[in-house]
């Protein structure tokens, strides 16, 4: 019916977008975010919150796998765009709107995943029995047609928590790590065993002198305000991380993509934007993105406006007592590094602000190595850990310490 | 004490209930629209965005996760908006409440406590780590804010000599309670934002945990939870107007208009102030709630009690 | 329907709650579950107290006070129960009553 | 004497009563600890509903309020200390089930026999206009001693509970000679110290 189609098109005119940027596509991501901000399309928080999955560049094999899992968790109606270049961005987004608003679910997949496209069930289909769902995930991995995949996996399972997740064929371990999260399903089963393909949690001594449940979780490689491709594997007790390890997915191709030579001020603003997003300050994050995007313009007056914007947001963040109060003391990196990356999260935020202000003598901090950061994550809460990761520039070239041969 | 006429008695139960639900939805829309305008940095067109989001969520598929606790998850999701509307039952609309008893304030508080359990269920149900973390955060935050909220409500009750909303309104005929109870007013608004896990108290749905309790919700589930949140916030703003700002009292204009204007003003102020702050991390906020807010609200109650004894309030 | 009949029905329900609660408190192995049984017994007391006030002596506040006291007892029981559970678990990783039998006097 | 409750109210009371008992039974039947906790909460809420029908608005609402908070906290402890919080693995953890069931049944039967044989003195006096006011005046007047005792008891509970549950004393926080300026806490908290 025409009316319902128009209503649908209207409702989907501002879809929520989840951006996955493959390594080396920073400038492209900025361009896309600028366009999304201009259109008023919000950024999605999780697969459940997503209408459009936007993949920038060519993801490596592991990231591609993670993206597929993510995609299987996105609810209909949905649309996936693989953007290799930003030249036809406007056109592609218009196309996206058209595809989203048009129609039956089966038309929503952008050709990337034909196998998943067929399942256009009605929402009632989601009430499959849990049991059936588990079995699928257990034995058949994630290669279902889209709809069923969603029924079953959500983004829960992940990692099949537990010791066992790691010992699985890594292929499968990755399958379940797209967005972080893990089953808390069976806390505290002293006798071990498995439920729904998830091993039960075990206990271990914790911070408060109680031996409570430990979950093995993987967080990343795609999260809002999180460096795409970064994977945090950790034991989780309540929301306290113990035994954290960081790694890049697809870390083998490091030499081939040298760090792009980006505008330091824009990079600082970008870092601030993602940190402010994680810190739950969306208005300031929006202003930082806006300033960052403005600095790319060529016109003299626009550039001046953008500089003023950058200065305004940097000063606002620098002076914010609430932000200082809430992040102070988190994530002390050892100072003997001698670089500008030491101090706590607040120090680093202020340093980013200085760089964003464009003041002389402020060089951006040299990237921190993953091991250094992982050491600080030890014993922090999940939220604090996210703040710490968002506050440092991470060394992309650092080789993955885990052996990659198994996967390749 | 004359029995205050309730809306249910005046217009019949069903029309009154429909009216309250309608007002609740309107308030929710108001909060969501103002929030969207502030978030997107101006632009009046943003007022339509909540409607657009609602329609989109209605057409979206619901999703599920691996081994969820479906019963508890769904009941938690359904409970959030229902409780929000129930809390509206004791908020006066045009000088009348839907339901009136001798314990209106406690009723309002109980709905917020039940919300507590409901949100925890929404976090527990999907069997996912981000959602569960959000649920725990809300539990800790709610526990810390329950007492200051209770004390600020009690302060109002002491001042009016009654727990009935209608009596509180009439007790403010001379002077608005905000004048003698500024601390209770601020604490009430802050705790209300904490209970709606919104703005600076939005850690349970924070971006650092991918949306927390809402991270696994899509379609109508997400719509219900989000609607419950904004209605709660709107209900609190309306309640703050009734408890501290004299309800519909004011010169020239009729009462309901004044009440509406004040409610809109409180919503705008709340959203504007709330969005100027980052999320305050729960471990910091909770300590302040326990060690600062509780004593401060107790002192506020003491001050009001002394004022009451000295004949400050015309009760 | 006579008031007495309604009162008796309600009190029967309260007796049912007390019976189920007793069963739970005596049969469960976990400390927390034992506490849930006790809570259920007190829930029956709440109900009986409320019914007693309404049907027997509404002019006196005593039955209401009984309900208040029952509520407080529940709160105290919960708080102390949890504290003891934490303490005993911290000391020896025990969360079941059967494992703490050596605490018998 | 006929009751002044309407037929609908009586029906509601009976339904709520059945629900409360059903919730109570469910506590010990369901596998999932989270569900057990919320079954207990359902039982409490049903009782609160009955109290509401009996004109005890304040007590009803306070019961709902307190029990909700209690159960929310209870849920956390259930998950912390219980096996099988999500009930994914059916198991029973009972001892002496037969004896316990017998005790429960005997208690029930004795109570029921008493309930249906006693000649209840149905009150024929006037109801107070406002049960909340009656309670408040009792607390602040004739029954103040009870309230004082409750206050002292609760205070003692707070202290005793905290002492029992925390492992860290001031020597852990401020050092052996209590000389440290800032306490050494795992989480610093939000106050400047």
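The values are calculated or read from the model by the stated rules, or taken from the named source; none is laboratory data. All figures in this text were calculated on a predicted structure; none of them were measured in a lab. Please note: Cβ atoms are built from the backbone with ideal geometry, for glycine as well, and neighbour counts cover all protein chains shown.
So, residue C:63, is that one more than 7 Å from every other protein chain (Cβ to nearest Cβ), part of a helix (DSSP H, G or I) and closer than 22 Å to residue D:25 by Cα or not? So residue C:63 does not fit the description; no. Are any of the residues in the stretch C:40-48 under 22 Å from residue D:128 (Cα atoms) and facing chain D (nearest Cβ under 7 Å)? Yes: one or more hits. Residues in the stretch D:110-142 that are crowded, with 17+ Cβ neighbours inside 10 Å and not in a loop (DSSP other than H, G, I, E, B): D:111, D:115, D:131, D:132, D:134, D:135, D:138, D:139.
Which of the following residues is closer than 14 Å to residue D:74 by Cβ and either part of a helix (DSSP H, G or I) or more than 9 Å from chain C (Cβ to nearest Cβ) (or both): D:19, D:41? When all the criteria are applied, what remains is D:41.
Scan the stretch B:171-183 and tell me whether some residue there is in contact (Cβ under 8 Å) with a residue 24 or more places away in the chain, within 25 Å of residue D:68 (Cβ to Cβ) and part of a helix (DSSP H, G or I). There is no residue in the stretch B:171-183 that is in contact (Cβ under 8 Å) with a residue 24 or more places away in the chain, within 25 Å of residue D:68 (Cβ to Cβ) and part of a helix (DSSP H, G or I).
From the list D:167, D:156, the one residue that fits, being closer than 30 Å to residue A:331 by Cβ and outside the structural domain of residue D:58 (by TED's automatic domain parsing), is D:167. Cβ-Cβ contacts under 6 Å between residues 6 or more apart (or on different chains), taken from a first residue in the stretch B:46-65 that is more than 7 Å from chain A (Cβ to nearest Cβ) to a second residue that is surrounded by fewer than 20 Cβ atoms within 10 Å (Cβ to Cβ) and assigned to a loop (DSSP other than H, G, I, E, B), are listed as B:46/B:40. Being modelled with pLDDT under 80, farther than 21 Å from residue A:292 by Cα, within 12 Å of chain B (Cβ to nearest Cβ) and in contact with a helix residue (DSSP H, G or I) (Cβ under 8 Å, 6 or more places away or on another chain) is a condition met by no residue of the stretch A:45-68. Screening residue D:100 against (1) at pLDDT below 80; (2) touching a strand residue (DSSP E or B) at 6+ places or on another chain (Cβ under 8 Å); (3) facing chain C (nearest Cβ under 9 Å) leaves a single unmet condition, (1). Set side by side, the residues A:308, A:321 differ, and just one is within 28 Å of residue B:206 (Cα to Cα), over 24 Å from the mean Cα position of the chain (by Cα), at pLDDT 80 or above and surrounded by fewer than 18 Cβ atoms within 10 Å (Cβ to Cβ), which is A:321.
Among the residues of the stretch A:79-88, are any within 23 Å of residue B:46 (Cβ to Cβ), in a loop (DSSP other than H, G, I, E, B) and either out of contact with any strand residue (DSSP E or B) (no Cβ under 7 Å at 6 or more places or on another chain) or within 14 Å of chain B (Cβ to nearest Cβ) (or both)? Looking through the stretch A:79-88, none of the residues is within 23 Å of residue B:46 (Cβ to Cβ), in a loop (DSSP other than H, G, I, E, B) and either out of contact with any strand residue (DSSP E or B) (no Cβ under 7 Å at 6 or more places or on another chain) or within 14 Å of chain B (Cβ to nearest Cβ) (or both).
Of the residues making up the stretch D:110-126, those that are facing chain C (nearest Cβ under 8 Å) and either within 26 Å of the chain's Cα centre (by Cα) or at pLDDT 85 or above (or both) are D:111, D:112, D:115, D:116.
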